[in-house]
Amino acid sequence: MRGWVPWVISLVGMVFLGACQAARGPRIVVEDPWARSSPMVTEMGAIYLTLRNTGSEEDALIGVETGACEKAEIHETYQKEGGSMGMRPVEGGRVPLPPGETVVFGPGGLHIMCMGKKVDFQEGTRFSLTLRFEKYDPITVDVEVRK
Ligand SMILES: [Cu+2]
């Protein structure tokens, strides 16, 4: 029976540690990462996803990396003077993720811009994307190209 004791202690420890982590700090969940299909001749591609901060502290998305592109940037869509739409890197290179909130990256809004595509953004193609945050550990997701 003695073998159980350290096991129980470590289990209690893990639960306690888990509770502490849940109680403070951000907790980021990435949902539905996808990229829009585009012809290979187009140098740029757009990647979309949803970020949820289910923790209790603010965090921010501060970087994106993928081997599928020479460079990836966090972009926002904005209305230019005269009414046409443009896009630009987000201010300060960061997207705030307040606790309890959901931030949607989608067509016509925030997006991850893939510059210099290295893979064909053809329906069904998959590639990995790593998201970096101010506080939370980096998260790598599988992005699927869709129509
Ligand atoms: Cu863009």
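Rule-based calculations on the coordinates, nothing more; no lab input. Computed from a prediction, not measured in an experiment: that's the story for all the values here. Counting neighbours? That spans all protein chains shown, and the Cβs are built from the backbone with ideal geometry, glycine included.
Please report the net charge: other residues with Cβ closer than 15 Å to the Cβ of ARG132, K and R +1, D and E -1.
Net charge around ARG132: -2.
Rounded to whole Å, give me the distance from the Cα center of region 127-143 to that of region 78-116.
Cα centres, region 127-143 to region 78-116: 17 Å.
Quick check: net charge around GLU31, other residues with Cβ under 14 Å of its Cβ, Lys/Arg +1 and Asp/Glu -1?
Neighbourhood net charge equals -2.
Kirkwood Rh over alpha-carbon pairs of region 26-146, then Stokes-Einstein at 20 °C and 1.002 mPa s: what D in µm² s⁻¹, rounded to an integer?
147
Report the normalised scattering of region 34-100 as log10 I(q)/I(0) at q = 0.14, 0.26 Å⁻¹, calculated by the Debye formula with identical scatterers on the alpha carbons.
Log10 I(q)/I(0), no solvent term: -0.57, -1.24.
Excluding VAL104 itself, what net charge comes from residues whose Cβ is under 11 Å from its Cβ, given Lys and Arg +1 and Asp and Glu -1?
-2
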